[in-house]
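Bear in mind that the values in this text are calculations on the coordinates, not laboratory data. These numbers were taken from a predicted model, which means no experiment stands behind them. As a convention, Cβ positions derive from the backbone with ideal geometry for all residues, glycine included, and neighbour counts pool all protein chains shown.
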Amino acid sequence: MANKKIRDTLFCKYVGTEENLLAISNAIRGTHHTDASGIQINTLKGSFYSNLKNDISFILDTLIMMLIEHQTTLNPNMPLRLLSYVDELFRLYLEPEKRKIYSTELIKLPAPEFYVFYDGDDTSFERKVLRLSDAFKAPSDKLELIVHVYNLATGKNEDLKKICTPLREYSIFSNQYKLLRKQGLAIDEAVRDTIRYCIDHNVMKDYLQHNESEVIDMFGFEWDEKEEREALLEAGETRERIRSARTLLTKGIVTLQALKSSGYYSQEELAAIAKP
């Protein structure tokens, strides 16, 4: 069982160094910066004033603010979530000179960019664009936030991985782990075998050799959390199915025999539906 005190995912821990973030920024933006000292990491960790925590954010050469999220389940609400993150990051950015916001002088801000690296089982897409305006109940161009989603599955975004070593190495680790899990290996066994595989193939070698036990905890927690979230979602769907059937039964729209004959409900669900 993974150590539940470990909150960092392997993606955030491995990718979130100045050197690796510079490599990702260069690959995504088509630039060739070589000085990692221009990276200022400002990831939200939660505080007394705000409990907001994001995966990775940093300022590049005082000009660009990049927000990066890692997901194993694609969330269409990421633009809204990232809006709250960037609002808090700008608040902290302005904190030393907060009085200036009321002055007549224009405050210059680093331009925000938003990215999601998807690491789940959906291989139907390579890249997606999520827009905040898609959530608006009425058409509007008054506020927009655009999120670029990259799929890290095998065979997806290989051009990006080819020029970005951190993303390529992480995706090799993750995809090998997922393959072993699908073959029936337990979490600890799968992650240990994946570590051995990557070290033998010179993937994340130095990092894995020095952080093996921590990686087992981090990766185990990340996937335990994913499976728990999916289980909760399934349980919620089951409760809704029972509630809807019970309503139909109470109103006399269907009979219990009809529900049984449908084959749609398990014996446990039918017992719950029949309860007064």
Helix 18-29 sits at what angle to the longest principal axis of the chain, using alpha carbons and giving 0 to 90 degrees rounded to 10? 80 degrees
In the stretch 62-154, which trypsin sites (Lys or Arg not before Pro) are in a loop and have at most 10 other Cβ atoms within 10 Å, using DSSP for the loop call? Lys108, Lys137, Lys142
Long-range tail of P(r) for the chain (Cα pairs > 37 Å, %): 29 percent
Measure nothing fancy, just the Cα-based angle from helix 187-200's long axis to the longest principal axis of the chain, in degrees from 0 to 90, nearest 10. 40 degrees
Rounded to the nearest 5, what % of DSSP beta bridges with both residues in the chain are antiparallel? 50 percent
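Note down the magnitude of the dipole of the chain about its Cα centre, charges +1 on Lys and Arg C-beta and -1 on Asp and Glu C-beta and zero elsewhere, to the nearest 20 debye. Each step should come with its number before you reach the end.
Numbers: 37 positive and 42 negative charges, 220 e Å.
So the dipole magnitude of the chain works out to roughly 1060 debye.
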0 to 90° range, to nearest 10: angle between helix 78-94 axis and the chain longest Cα axis: 30 degrees
Going by Cα centres, the stretch 155-176 and the stretch 55-71 are how many Å apart? 19 Å
For the chain, built as a Gaussian network whose Cα springs stay under 10 Å, the top-fluctuating residue of Phe114, Phe136, Phe173: Phe136
Mind checking which of Ile163, Phe90, Pro76 is farthest towards the positive end of the chain's charge dipole, using Cβ charges of +1 (Lys, Arg) and -1 (Asp, Glu) about the Cα centre? Pro76
Between their Cα atoms, which of Lys128/Lys178; Lys156/Lys178; Lys161/Lys205; Lys128/Lys182; Lys13/Lys162; Lys53/Lys142 are more than 24 Å away from each other? Lys128/Lys182; Lys53/Lys142
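Run through the stretch 157-201 and list the GluC sites (Glu not before Pro) located in a DSSP loop whose Cβ has at most 10 other Cβ atoms within 10 Å. Working shown, then result.
On the way: sites: Glu158, Glu169, Glu189; in loops: none.
Sites meeting the loop and neighbour criteria: none at all.
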Fraction in percent of alpha-carbon pairs per bin - 5 Å, the stretch 126-208: 3, 13, 18, 16, 13, 10, 9, 7, 6, 4, 1
